1. Taking R0 as 25 Å, what FRET efficiency do you get between Cys377 and His314 from their Cβ-Cβ distance, rounded to the nearest 0.05?
2. Going toward the positive end of the dipole of the range 96-145, with +1 on Lys and Arg Cβ and -1 on Asp and Glu Cβ, which of Pro120, Val134, Leu144 do you reach last?
3. Cα-Cα pairs above 36 Å in the chain: how many percent?
4. If each residue of separation counts as 0.36 nm, what is the full-extension length gain between Asp69 and Asp112 once their alpha-carbon separation is subtracted?
5. At 0.36 nm per residue, minus the direct Cα-Cα distance, what do Glu17 and His148 gain on full extension? Give it in nm, one decimal, please.
6. Counting heavy atoms of the protein chains only and a 1.4 Å probe, report the per residue accessible area for the chain as a whole number of Å².
7. What residues from the range 291-330 fall in the zone where the backbone N is under 16 Å from a label point 7 Å along the Cα-to-C-beta line of Glu139?
8. Would you mind working out the magnitude of the charge dipole of the chain relative to its Cα centre, with +1 at each Lys and Arg C-beta and -1 at each Asp and Glu C-beta, to the nearest 20 Debye?
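The values are calculated or read from the model by the stated rules, or taken from the named source; none is laboratory data. Being a predicted model, the structure only gives us computed values, none of them experimental. Positions of Cβ are backbone-derived with ideal geometry, glycine not excepted, and every protein chain shown enters the neighbour counts. Calculation scope for accessible area: heavy atoms of the full protein, side chains included, ligands and nucleic acids excluded. Shrake-Rupley method; radii C 1.70, N 1.55, O 1.52, S 1.80 Å.
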Amino acid sequence: MPLAPLLSTTLTARELELARALRERLPEAMDTHATRAFERRFETWVGHGHARAFMGGRAALAMAVRALDLGDNAGVVVPAFTCQCVLNALAFAGAQPQYADIEHAGLGLDVDAVRQAITPATRAVMIQHSFGLVGRDFEAILQLAHEHNLKVIEDCAHALGARHRGLPLGVYGDVAVYSFERSKVLTTIHGGVALANDAEAAERLSALAEAAPLPDADEIDAQLISVMHDYWVRASGDAAGAERARALWGERVLPQMWPEEFGISVPPRYGQRMPSAIARIADAQLDRLDAVLARRRAQAAYWQDWAGARGIGHLDAIDGSEPAWLRFPLWVDPALKADRHALEDALDVEVGVWFTTPAHPVARSEAHCPRGMDACCRIVNLPTLLPAHHPHAAA
Ligand SMILES: Cc1ncc(COP(=O)(O)O)c(C=O)c1O
């Protein structure tokens, strides 16, 4: 049996059929008609703000930052526990990331470190809800940002459906971004939403969305093929179907990152608007959010007991929060993180390494952020969607 995967297994036969049908009448699905309907549904679901969908969380982040009109070379405080695609999104929008250290209880920004990181160039703080958790200092950082007149960007790429004090994450900041990439809470393979919480940012975000190009027919087709491929390979549990899908479509499956992104230049497809074809898949996925979150939370509770019984360091939700538990983070010895195969074999699950550097997966050291560097060496993460028959599946 293959190891239980880290990537999302939320695609169902419904999305498979939808992708098949959409491929047959692609010209009709290359507008933004269904995209607008999906965006309105997203706004209603969040209960706040103005949503615009793009072809990735990173593209949505670049648009959200531009919607804040921060000015050239605006400093944005970021946690020393993030990934290159986040730093790229800020840089492509003309902002300068300013690293601050994290805290170990929730892997969020440390409020004192944020205070120290603020310079006259700082215009915003990016709060990243890693693994769908709310950081220990979330409210203190909102307060600090308010006192310093800084904008707040919530990176909810891991946190679709997570809540704090009864409200969905994403409504606390000035702007927020969500991801539907294939490693996320729900998936369309690539896709993301930017949410603007005030009228000015909303107006700019709308203008940016209207000006953004749509992917061409070939690109949309490749993404629909990737949806079908991912359904068979990861979600279906059908080994013969997976084999067939690999042979038929393996070569057209889209990568998670394009080569230019490692060289820190803008890839050709960056910043595209989400077309109706992909919004239809996103809409079908959103129907499953509550069920998917319930499974992820139950699995996190299982892993909590499992880790607690073995004395393995792990994280708990802070008071008042309901995490999405995209993955279940564990503190382990650096040697185990460097070679996690023994743990994978013991648990029968893929073990994730988010994040290995403050600019994962690109090598980077930020000596003034020792807790972030420590987490990069010692945090691994377990999947929270396991097949029902898996020996570690929550009851
Ligand atoms: C914390 C964080 N923010 C943003 C993103 C970007 O999302 P996307 O892959 O949809 O571009 C990622 C991607 O993994 C991420 O981990």
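1. Numbers: r = 16 Å, r/R0 = 0.66.
The calculated FRET efficiency here is 0.90.
2. The listed residue farthest towards the positive side: Pro120.
3. Values: 14220 of 77815 pairs.
That fraction is 18 percent.
4. Details: separation 43, 0.36 × 43 = 15.48 nm, distance 2.63 nm.
Full extension of this stretch gives 12.8 nm more.
5. Values: separation 131, 0.36 × 131 = 47.16 nm, distance 5.06 nm.
Answer, rounded to one decimal: 42.1 nm.
6. Details: 15330 Å² over 395 residues.
Normalised by residue count, the accessible surface of the chain is 39 Å².
7. 317-323
8. On the way: 37 positive and 49 negative charges, 88 e Å.
With Lys and Arg at +1 and Asp and Glu at -1, about 420 debye.
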